1. Divide by every residue of chain B the summed helix terms, -39500 (n - 2.57) for each DSSP H run of at least 4, and state the resulting mean residue ellipticity at 222 nm, rounded to the nearest 500 deg cm²/dmol.
2. Arranged from highest to lowest average of other beta-carbon atoms within 10 Å per residue, in what order do the peptides B:32-39, B:15-22 appear?
3. Rounded to whole Å and sorted largest first, list the principal axis extents of the Cα atoms in segment A:2-213.
4. How far apart, in nm, are the 7 Å Cα→Cβ label points at B:Ser51 and B:Phe286?
5. Size of the dipole of segment A:107-193 about the Cα centre, Lys and Arg at +1 and Asp and Glu at -1 on the beta carbon, nothing else charged, in debye to 20?
6. Taking just the alpha carbons, could you work out the radius of gyration and Dmax for the protein assembly as shown, both in angstroms?
7. Give me the extension gain from B:Ile26 to B:Ile330: residue separation times 0.36 nm, minus the current Cα-Cα distance, reported in nm with one decimal.
8. From zero up to wherever the largest Cα-Cα distance of segment B:248-304 sits, split into 5 Å bins and tell me the percent of pairs in each.
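The numbers here are math on the coordinates, done by the rules we state, and not lab data. These figures come from a predicted structure and were not determined experimentally. Quick reminder, even Gly has a Cβ in these numbers, built from the backbone with ideal geometry, and neighbours come from all protein chains shown.
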Amino acid sequence: MLELANLSKSYGSNTILEIDHFSIPSGIFWLLGHNGIGKTTLLKMIGGIEPFKGNIAFNGIDLRQSPVEYRRSVNIGEAEPLFPTFLKGKELIELFAKAKQAEATQVSFLLKTLDVHHYINTPIGSYSSGMIKKLSLILAFLGNPSLILLDEPLITLDKESQEMIQTLIINSWKERNVSFIISSHQELPITASSLSKIMIRDRKLVLLDNIINAGLL
Amino acid sequence: MLVFYKIFVADFYRVHFGFFLFVTLILFGAGDPGQLLAFHTGVIYAILTNSFPLTITICLWFVYLLKSLLFIREKLKEEAQQFLCYSFSSLSKTARMTYWFTTMVLINMPILLYAITCALVGFYSKNIIIALLLIIVIIAFISAGSFVADRFFYRRITVQTAKENKFYFANTLPISYLFIGMKYLLAEQKLAYGICKLFSYLLIIGMYHIFHDLQNNVALAAIIVTSFVIAHVVLLFAQFRFEYQSLAILRNLPYTDNFRFYAALKRNFLLFIPEVIWLFSRFKFFESGILALYMLSLSIFLYQSISLVGLKLDSFVKFTFFLFLFLVIIIPIGYLAVISIILLCTAWAIFKLKTQPY
């Protein structure tokens, strides 16, 4: 379970997130909200990339108190990943695999599944946006995370790769109980029974069912 | 042209204000005011009549040219300058080259004026060939600089990054959190690194030439160390920006704070290896150790301080200028080890407070 407590984030005097307390149980969650409302920022905060005020804990592991253990449990795939252009995709995967303690078989499986073999030994500067996206998704799945945050995972991917990602998500959830929080403006054709929707509204995080019940949508 | 002037020319002089002040003080403040004209006329005659001063002068102009090109390249990389890619790419190559040539003339105005002065003295003193040579060299430098600046611009708009990967020594380094910064240095900062090392060398030579009676003075050595660490600000800034922006995703990796801070410290140490070697070859072991500690502490303090100024090069340069003045005042008092430890602890505090995402 992901616990957010007294969480806030401001850019200058503009507060974009103010969450008193919110718990997200295991499952696959679709994070909704219009452009600029703070979805990417929230995912980066949970992923330990963006500074914030307040507390974030996953399965009782606090990001502030146990940052290493927390980061082994929580992975992130960014919407617009920015990687050093002079590195090869393979080098970045090696670095992440070592840090996230991923097994060689997992790396091979992901390379094969996302069909990146033919360019992974070339510098990232030569990749298209779709190729960079695939690399970012591979990094997000490496290791043994219990929660994976995916920011717009389907954009720039071809239809075949989109289906692969959806299969990966569902299988990770079913076989290894990996939870997901996915931000996407595209419809997620995930049919898992545990798919729930959460939404950022007025700087707060709310379950969409609660919004519908309250007649706000 | 006004846009080019504001972005490149005005900013170049603003950012390098400290450098120009330093050079002006050296050229016009170090000697007897009554002898200044005779001194400078003597220097110009030496340039015109002796090949060694002439070579040194042309080398210094070349360093200045490289520095101006480096500045343009860094400016073009800024997000705020991205609009240039859309607006100026529609111009013809001739129009673009005219803009760049004018920009390079304005940025290189100090050396251009000096070259013209030398040439006029040359014509007056019948050293016609050398005078013509100086004019040809300076025009060639500025023209070549304009061409290179336009190549930087072209590379920026075509995102020709794959080409940069032909570098090969960088590929031999192992992939690790520590060495990514070094790979970046070798792949994209070779020129900046070379210029910084040249500045270090010139600072050491220049300072010991001016203060030749203080060859073994540790305080003077500490001021020299301060000068060459501060001469590396562009390099440190680029390293920090690279770590903060291009390696943002690495903050999701399960590394401890100590590991990250220590890695930054080791990267800074690697940057200053030539200077560390110089220190240990020049001073006694204990003094060298203290000076090396001070150098490392100051560099990591500067590195972490970049987060205080919000990743703005202009503000960082101003900050380092005032820090330099402050250190030059307090270093002669002594307690270099204490200053080093204070700088190191402050760097750690800034790292914890400003650069960590919690």
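1. Values: 17 runs with 255 residues, N = 358.
So the helix-based figure for chain B works out to -23500 deg cm²/dmol.
2. Peptide ranking by packing, descending: B:15-22, B:32-39.
3. Dimensions of segment A:2-213 along the principal axes of its Cα atoms: 48, 35, 31 Å.
4. Here the modelled spin labels are 4.9 nm apart.
5. 220
6. 27.9, 95
7. Result: 107.3 nm gained on full extension.
8. Binned Cα distances yield the sequence 4, 18, 23, 20, 14, 9, 6, 4, 2.
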